[in-house]
Amino acid sequence: MVITAHEAVRAGLAAHLVRLWRYGLVLSGRGDVAEDLVQATCLRALERSAQFTPGTRLDRWLFAILHSIWLNEVRARRVREGGGFVDAEATLSFDGRQAIETNIMASQVLEEVQRLPEVQRATVFLVYVEGLTYREAADVLDVPVGTVMSRLAAARASLGRLAPEGNEASTNRMRK
C-alpha cells in the first residue's frame, strides 16, 4: 500500500508539535506567538500536503514552513508599523535577552543562547537542539550552507565570550 503525501503529513504532524512550538518560541520569544505559529504551520502543511514527498523528513519540511510564516509576519509587521519593506536578514538581526519558557537545554546555556542575535539563535536551535545537518538547516532557513556555518561560528564565539573565565563547559557542549 502506497501512502499519499496527505496521509503522511496527517499521520506525522502530531509528533512534531512540541518541536515546532519550541522553534516558534526561539524565533518569537513569546509562548502565545509560538502557539499561533504552530497553528498556522499545521494549517499550511495540511493545505499544501501535496507538496510533501513521503519518505523525506517531515520535521524539516514543517520547520521550513514555520520559518517562512515567521519571516512573513516580521515583514508584515514592519509594513504595518510604517517601516516599509525591509530585508528579513536585517530585520532579524537584533540583540536581546528574552526569557524562554521551556527546558530545551540547561538554564545557563539557554540564558546565553537567548543573548544571541535571532538569526544565530535560530541556527543554533536547528542544528544543536533539533539535530538538523548544516544542509538541512540551510534549507529550512533558505540560506547557503556557508551562512549556516558562519552563523554557528559567530554564535560559538559569542558564547565563548559570555562564559565565565575558566568555565568553557557550555561552549564546549556547543562544539560537539
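The values are calculated or read from the model by the stated rules, or taken from the named source; none is laboratory data. Keep in mind that this is a model prediction, so the values were computed, not measured. Glycine also receives a Cβ, built like all others from the backbone with ideal geometry; neighbour counts cover every protein chain displayed.
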Original post:
Among the helices (runs of 4 or more DSSP H) contained in region 5-107, which hold 3 or more residues that are surrounded by 16 or more Cβ atoms within 10 Å (Cβ to Cβ), modelled with pLDDT of 90 or more and acidic (D, E)?
Top reply: none
Original post:
Any idea how many residues of region 128-137 are at pLDDT 90 or above and either assigned by TED's automatic domain parsing to the domain that holds L20 or crowded, with 21+ Cβ neighbours inside 10 Å (or both)?
Top reply: 1
**OP:** Mind listing whichever residues of region 115-127 are crowded, with 19+ Cβ neighbours inside 10 Å and either part of a loop (DSSP other than H, G, I, E, B) or of a type in the set (A, V, I, L, M, F, W, C) (or both)?
**Re:** L116, V119, A122, V124, F125, L126, V127
Subject >> Exclusive hit being in the same structural domain as R77 (by TED's automatic domain parsing) and under 20 Å from A138 (Cβ atoms), set R10, R60, R48 >> reply: R60
Subject >> Cβ pairs under 9 Å, 6+ apart, first in region 38-52 and polar (S, T, N, Q), second in a loop (DSSP other than H, G, I, E, B) >> reply: S49/T4
**OP:** Return yes or no: is L152 modelled with pLDDT of 70 or more and not in a helix (DSSP H, G or I)?
**Re:** no
